[in-house]
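Encoded as structure tokens, the structure appears first; notes follow it.
Laboratory data are not the source of any read-out in this text; all were calculated from the coordinates shown. Note that the structure is a prediction, hence the values are computed from the model and not measured. Don't worry about glycine lacking a Cβ; one is built from the backbone with ideal geometry, like all the others, and counts go over all protein chains shown.
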Amino acid sequence: MARDRLVPLLAVAVITFGIVGITANDSESLNGFISYLTVFITTVAIFAVFALGLNVQWGYTGIFNFGIVAFFMVGAYTSALVTKSPSSSEFVRYVGGLDLAEGLGPLNLEGLTGFVLGALAAAVVSGIVAFLVAIPALRLREDYLAIATIGIAEVFRRIAIEEEGLVNGTRGLTGIPRPLHDLVSPPDYKYIYLAIAVVVLVIIFVAIERAARSPWGRVLKAIREDELATAASGKNIFAFRMQAFVLGAMIMGIGGAVYSANQGSIVPDTFSHFFGTFIIWAMLMVGGSGSNRGAIVGAYVVWGFWTIAGLIQPHVPQVAEALRLDSIRSDLPQELEARTPYVRDLLIGLLIVVVLLLRPNGLVGEERRVSLFAGREDEREAPQVRAPATGSAEE
Amino acid sequence: MVRSLTRTAALIGRARREYAGQVEQVGTVGLWLLIGLLLVVGVVYARQYLVTGIIVGSIIALGALGITLIYGILKFGHFAHGDMMMFGAYVALGAFVGGGSIGPLSFGWGMILAIFVSMTALGAGSIAIDRLVYRPLRQRGSSAVVLAIASLGVAIVLRAVMLLWWGPDQQLYVSGIHPAKDFPFDIKLKPDQIFIVATAFLLMTLVYLLLFRTKMGKAMRAMSDNADLARVTGIDTEQVVMWTWIIGGALAAVAGILLGIQSNMKPELGFTLLLPLFAGAVLGGLGSPQGAFVGAMIVGISQEVFVGIDLPFPPFGVPGYKPAVAFGILILILLVRPRGLFGKT
């Protein structure tokens, strides 16, 4: 038990040490150091929202979604379109522009009302999209939903590019309203946004934790472990899977809303498979499928790892010199050096494979006991709940 | 709202179960009629696009054939297949040394050699990946979804290796302009495109012969039908798996190279390719080799013909909507006949 807790703590400690150490070394002032860390934590919080959404789908219910970026994109665009004011130029064309951020008069609350309404709209639209995709695909083999979600991600990106009047095509949307923006000076806004992102994350975390500990959550896990047995005990498998898929997509939509308000501008190319889908899968696998804390730890560790790998790039020549590896380095072709950032992509892929092979439960792993009422004493005798990664052979 | 959604979902589910038989019968007839309509419209209004569709379709078919074989034998969706295709294209780019040109083609024997090098490399590479990743998971009794996620990891790794080694920009085998030649019925074709179709059909014939005329092919089909039964009759299932990877990998390599000849290659393209590949394989019926061929052809032809017919509403006339056409086919087949045109129940 102690060892189980030690590994995630160690991973978090190493990442924290790396991030703090390197940024402290690189920053020229305390202010720069703190602002770098603020942006880092904000990004982790946003990624953690997506990882939590994926955990509801994959971790709890065993549904796999390879098109997370579709819901991310739908959420980001929806919230942007409802909070922005209508276009005033004929060169910037988009639908909507409900102006919820500034058009509500006394209810504006510095744009906070608009932000909340935007996030809710993002959740609703993402949920509807998920519902429509799931009707043909969710009842069939699991792989079909994965293909359908890849498809919907690709189609949405195309629609955003081709239908120029919809979301302004490849030029994208700029000036997305940011809540509470007028309270502080622009350089200090990141601290406000950190608070907003963390509050959203905490609300979603608490809500999912409660849902997972409810009878509803246990039915989801039961479906994941043994669909037939759950159906035999009278549960409507399709309805539960549908609920989990839609709920997960809604959370991803909210994540998209939080992302777009943080960025202030989005273009169709923002929504790549890599950052929208692959890295989020890596986060959940590393953290531990089936555990909400795991999803957050995974987002922290993977994004931290990604950031550290990026931060040490400029130091590589010095290190190579110190280790007298310089001669090897100069033998490599010049253009290869420009591509070293892709080593990070490679490691993200390897991370997924290695976790599946060596530590299928991830860093944190799934809790065995999820009911508030089940007796503590049988915990030791209870058979280990299998995480999906080690799931049984389906025959 | 959740409750009403649930109720709707359950209602749709019940309706689908009750009318499953009728939906499938009507749907199947409707599907074949649609396919016929597509071909007629293509022949009459968009002949050039129909021919391009056949070229693209034969490339997709090689990939879809691999996906369907891997699915039949190993029972999981291989999501690294698109990236494997791109990888094959790049390996051939690395092995391609030029070497003049054969007749009117834009490349020479150097390309033929590069194709063989890439086929060998991908066949061997697929076995290596299976030994390192999929076999340990298989032996542990992991479910199909876990294997599929492992293949996503493999896809990311392959793509990163391509980005590292060959860079993110698109590349060509032979640059320069290769004029198309005129053929009867107002069709213009490049000699390279005839090479593409000929190579694809030759390989598909070879796979057909292997599956239906050799002992290994028989073992593969047996394992695809029922793996346990195949094992108890003494079939060496691990060897069947090995051959599946060799064939799947080699076909993916050629498919990628042909795609590189037809248009260009780019590491990013790999994951996007999954949509037409799977749409073709699912349309034909996952696990059915003949189905993969027919399905891929229909996907390829629809993608091009829809773009060729200029109607004032999407997806017609907009090249960017090719993936949307493949997606539409996928959703349609999942709704009316999820086992595909040639799949077993």
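Per-residue Cβ neighbour counts within 10 Å put B:ARG339, B:ARG7, A:ARG241 in the sequence B:ARG7, B:ARG339, A:ARG241, beginning with the fewest.
Beyond 22 Å between alpha-carbons counts as too far, so tell me which of B:LYS266/B:LYS322; A:LYS84/B:LYS322; A:LYS235/B:LYS75; B:LYS181/B:LYS266 fall in that bin. It would help to have the intermediate numbers written out before the result.
Working: B:LYS266/B:LYS322 17 Å; A:LYS84/B:LYS322 31 Å; A:LYS235/B:LYS75 27 Å; B:LYS181/B:LYS266 27 Å.
Cα-Cα > 22 Å for A:LYS84/B:LYS322; A:LYS235/B:LYS75; B:LYS181/B:LYS266; rest within.
Largest GNM mean-square fluctuation among A:PHE47, A:PHE91, A:PHE72, using chain A with Cα springs under 10 Å: A:PHE91. Membrane-span-like helices in chain B, defined here as complete DSSP H runs extending at least 18 Å along the helix axis by their C-alpha atoms with mean Kyte-Doolittle hydropathy no lower than -1.0, are B:2-18, B:20-45, B:47-74, B:81-95, B:109-129, B:144-166, B:191-213, B:237-262, B:269-284, B:289-308, B:322-336; this is a sequence and geometry rule, not a statement about a membrane. Computed about the Cα centre, the dipole magnitude for chain B is approximately 960 debye when only Lys and Arg (+1) and Asp and Glu (-1) carry charge, each at its Cβ.
As an equivalent ellipsoid, chain A spans semi-axes of 33, 31, 21 angstrom, where each value is the square root of five times an eigenvalue of the C-alpha gyration tensor, largest first. Residues considered: B:VAL44, B:VAL91, B:VAL305. Largest GNM mean-square fluctuation over chain B, using C-alpha springs under 10 Å, is found at B:VAL44.
Computing Rg and the Kirkwood Rh from the Cα coordinates of chain B gives a ratio, Rg/Rh, of 0.98.
If you plug the beta carbon distance of A:SER272 and A:THR174 into 1/(1 + (r/R0)^6) with R0 = 30 Å, you get a FRET efficiency near 0.95. Separation of the range A:268-288 and the range B:42-116, taken as the distance between their Cα centroids, equals 29 angstrom. Please identify which residues in the range B:103-139 have an amide N closer than 12 Å to a label point set 7 Å out from the Cα of B:LEU210, following the Cα→Cβ vector. Residues B:119-120, B:123-124 qualify, since their backbone N sits under 12 Å from the label point. Stretched out straight at 0.36 nm per residue, the stretch from B:LEU37 to B:LEU189 would grow longer than its current Cα-Cα span by 52.3 nm.
In percent, rounded to a whole number, the relative contact order of the range B:232-342 is 24, using alpha-carbon pairs under 8 Å and six or more apart. Put a plus charge on the Cβ of each Lys and Arg, a minus charge on the Cβ of each Asp and Glu, and nothing anywhere else: the dipole of the protein assembly as shown about its Cα centre is then about 1860 debye.
In this simple spin-label model, placing a label point 7 Å from the Cα along the Cα-to-Cβ direction at both A:HIS181 and A:ALA195 gives a separation of 1.8 nm.
Taking square-rooted eigenvalues a ≥ b ≥ c of the alpha carbon gyration tensor, is the range B:34-114 rounded, prolate or oblate, where a/c under 1.5 means rounded and, failing that, a/b exceeding b/c means prolate? Present the calculation step by step, with values, prior to reporting the outcome.
Numbers: a/c = 3.39, a/b = 1.15, b/c = 2.95.
Because a/c hits 1.5 or more and a/b fails to exceed b/c, the range B:34-114 counts as oblate.
Helix screen, chain A: DSSP H segments with Cα axial length of 27 Å or more and mean Kyte-Doolittle hydropathy at least -1.0 are A:2-26, A:30-54, A:112-137, A:142-162, A:189-213, A:237-263, A:292-311.
Comparing A:LEU107, A:LEU180, A:LEU120 in a Gaussian network model of chain A where C-alpha atoms under 10 Å apart are linked, the largest mean-square fluctuation is found at A:LEU107. Available extension along the chain between B:THR120 and B:PHE316 is 66.5 nm, counting 0.36 nm per residue and deducting the alpha carbon span.
Relative contact order for the range B:24-336: 35 percent, from Cα pairs under 8 Å spaced at least 6 residues apart, divided by residue count. Once both labels are positioned 7 Å from their Cα atoms along Cα-to-Cβ, the gap between A:VAL12 and A:LEU132 label points is 4.1 nm. Among A:THR113, A:THR174, sorting on how many other beta-carbon atoms sit within 10 Å of each Cβ, with the fewest leading, yields A:THR174, A:THR113. Applying 1/(1 + (r/R0)^6) with R0 = 51 Å to the Cβ-Cβ distance of A:GLU164 and B:VAL232 gives a FRET efficiency near 0.25.
Taking beta carbons within 10 Å but only from partner chains, what does the mean come to for residues A:183-190? The partial results should precede the final answer.
Values: counts 0, 0, 0, 0, 0, 0, 0, 0.
Per residue, the average neighbour count from other chains is 0.
For the range B:24-336, the residue among B:LEU62, B:PRO276, B:GLY141 whose Cα projects farthest onto the positive side of the dipole built from Cβ charges is B:GLY141.
What ranking do A:TYR144, A:TYR300 get, fewest neighbouring Cβ atoms within 10 angstrom at the top?
Values: A:TYR144 21, A:TYR300 26.
The order, fewest Cβ neighbours first, is A:TYR144, A:TYR300.
Along the axis of the charge dipole computed for chain A (Cβ charges of +1 for Lys and Arg, -1 for Asp and Glu, origin at the Cα centre), the listed residues A:VAL39, A:VAL258, A:VAL167 are led at the positive end by A:VAL258. For the residues of A:340-351, the average number of beta carbons from a partner chain within 10 Å of their own beta carbon is 5.
What percent do you get for the relative contact order of chain A when only Cα pairs under 8 Å and 6+ apart count? Let's see the in-between values first.
Numbers: 598 pairs, mean separation 105.7, N = 395.
With pairs under 8 Å counted, the relative contact order is 27 percent.
Can you give the percent of C-alpha pairs in the protein assembly as shown whose distance is more than 53 Å?
On the way: 27478 of 273430 pairs.
So the pairs more than 53 Å apart make up 10 percent of the total in the protein assembly as shown.
Selection among B:LEU335, B:LEU206, B:GLY100 by position relative to the dipole of the range B:24-336 gives B:LEU206 as farthest towards the positive end (Cβ unit charges, Cα centre).
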